[in-house]
Amino acid sequence: MTIRSQTAKLVGKATQKFLKMATSGGSSLPGQVALKIDNDILDYLSKDYHVVMITGTNGKTLTTAMIVNILKQKFDYVLTNQTGANLKQGIVSTFLADSAPKGASKIAVLEIDEATLASVTEVIKPTVIVYTNVFRDQMDRYGEIYTIYQMMVDGALKAPEATVIANGDSPIFNSVDMPNPKKYFGFNTTREEDIPLHPNTDGVLCPKCDSLLHYHLNTYSNLGDYYCPKCGFKRPPLDYSLDKLLELTLKESKFVVDGHPYEIQIGGRYNIYNALAAYSVGRFFEVNPDQIQAGFYASKRVFGRQEELSINGKSVLMNLTKNPVGLNEVIELLHYENEPFTLITLLNDNYADGQDVSWIWDGDYEKFATVPNLDVYYGGKRPDEMHLRLEVAGIPEERLHKINSFEDIATIIGKVKTPKVHILATYTAVLSLRKIFKQQGFIKEVK
């Protein structure tokens, strides 16, 4: 402990206290202030913690929330960056908020941006690093999937004793040898089918010989029980495996993992992977199956991830969409909707969204053209691009309606003819819309 570290902690905490009194909070500024005083403050703040880090393209926030609730069954105090502030200054702010009782068993569960992981593991040595998946996302910021994965590898290499718990169904996670211990989770299968994927699917070239990978089971995108018919590269043995899917609906999923039945209150195959990742971390820390299910029951839907709202008499489900794979999985999820619905799609191109919006052309919007009498409202900072994409998808012009202002959306929802409304929105659009809904009284924040 140095005087610089103590000063950084005191000033950071004072900033945090002032922000809570003067505003609604502010998740990253206290960390920025503390880092300016001591760039190594994280090492000091985290010294008494086991640390779990979650990184990857999709699923970080929900996986983190599930892990938190599972580990609460075992640890006295679980610290997490629940605001989703996953850059370095946000992580510092999280530790500044530590309020653990003296002598408590403590663990920190941290969502970490892929590009930030290496700078964080340089000063915090985690016990576990979770890799959810790697998909094409914000190419103007991250580049291709191999660039993203190299950032994640670099982060793990700075903490070689950390166990990497990775999605075993993702070929890229089995492509690089690392000194870290590794454990894998995935969907079990006894199938012997030979399923070639479309050559334009990201990440389906064998990392050893560049041949096209084949699959015994393909869950979605490039995930599944893969193998290379040319050189023998294949999925590694799974340490934690989903044995059976029991039920999938719009709002819940039931499945069997390692012989134990589980249920989560959220739909979609992609969210079963998030649950598998959380289960794997729980088992790593010797949380028993009953405690894991208790953790799943305690997990609530988080910001913009199948977030349920009641607005002007209508049932609204809001989903964050930020890249082609995530978008297509949400579109697939909506096929479980058994009531008439109206669609709202919001496209922003701020820095946090990615300023290259060409990814919408890889989205399966054509599936909406088959929904009878579907009205689609579109808006955001790039409405013309969104209109063109929907028009090309085959949605009739008379069914397309432009939203001029986010402030109008609640009124629009109240006037639509359907009982259900589904909102698909990019990251900053979700932020803006939630802020407006909160001001209008439709979102009550829990303190």
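The values are calculated or read from the model by the stated rules, or taken from the named source; none is laboratory data. Just so it is clear, the structure is predicted and the values come from calculations on it, not from any experiment. Quick reminder, even Gly has a Cβ in these numbers, built from the backbone with ideal geometry, and neighbours come from all protein chains shown.
Key figures for this structure:
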| quantity | calculated |
| --- | --- |
| Selection count where residues are exposed (fewer than 14 other Cβ atoms within 10 Å of the Cβ) and either small (Gly, Ala, Ser) or assigned by TED's automatic domain parsing to the domain that holds Leu317 (or both), scope the range 234-277 | 1 |
| Options Leu320, Leu343; residue that is outside the structural domain of Val68 (by TED's automatic domain parsing) and either surrounded by fewer than 17 Cβ atoms within 10 Å (Cβ to Cβ) or under 18 Å from the mean Cα position of the chain (by Cα) (or both) | Leu320 |
| Among (1) at pLDDT below 95; (2) in the same structural domain as Glu263 (by TED's automatic domain parsing), the one test that Gly282 misses | (1) |
| All positions within the range 124-163 that are basic (Lys, Arg) and either farther than 21 Å from Tyr270 by Cα or modelled with pLDDT of 95 or more (or both) | Lys125, Arg141, Lys158 |
| Test: residue in the range 400-408 that is touching a residue at least 60 places away in the same chain (Cβ under 8 Å) and at negative phi | yes |
| Pairs with Cβ under 6 Å, 6+ apart, first in the range 425-438 and farther than 20 Å from Ser310 by Cβ, second of a type in the set (Asp, Glu) and surrounded by 19 or more Cβ atoms within 10 Å (Cβ to Cβ) | Thr426/Asp353; Tyr427/Asp353; Thr428/Asp353 |
| Subset of the range 100-123 (residues that are crowded, with 24+ Cβ neighbours inside 10 Å and modelled with pLDDT under 90) | Val120 |
| Tally of residues being among the hydroxyl-bearing types (Ser, Thr, Tyr) and either in contact with a Gly (Cβ under 6 Å, 6 or more places away or on another chain) or free of Cβ contacts under 8 Å to residues at least 12 places away in the same chain (or both) across the range 214-234 | 1 |
| Wholly within the range 1-76, helices (runs of 4 or more DSSP H) carrying at least 2 residues that are under 22 Å from the mean Cα position of the chain (by Cα) and crowded, with 23+ Cβ neighbours inside 10 Å | 60-71 |
| Hey, Leu96 touching a helix residue (DSSP H, G or I) at 6+ places or on another chain (Cβ under 6 Å), of a type in the set (A, V, I, L, M) and not assigned by TED's automatic domain parsing to the domain that holds Gly203 or not | yes |
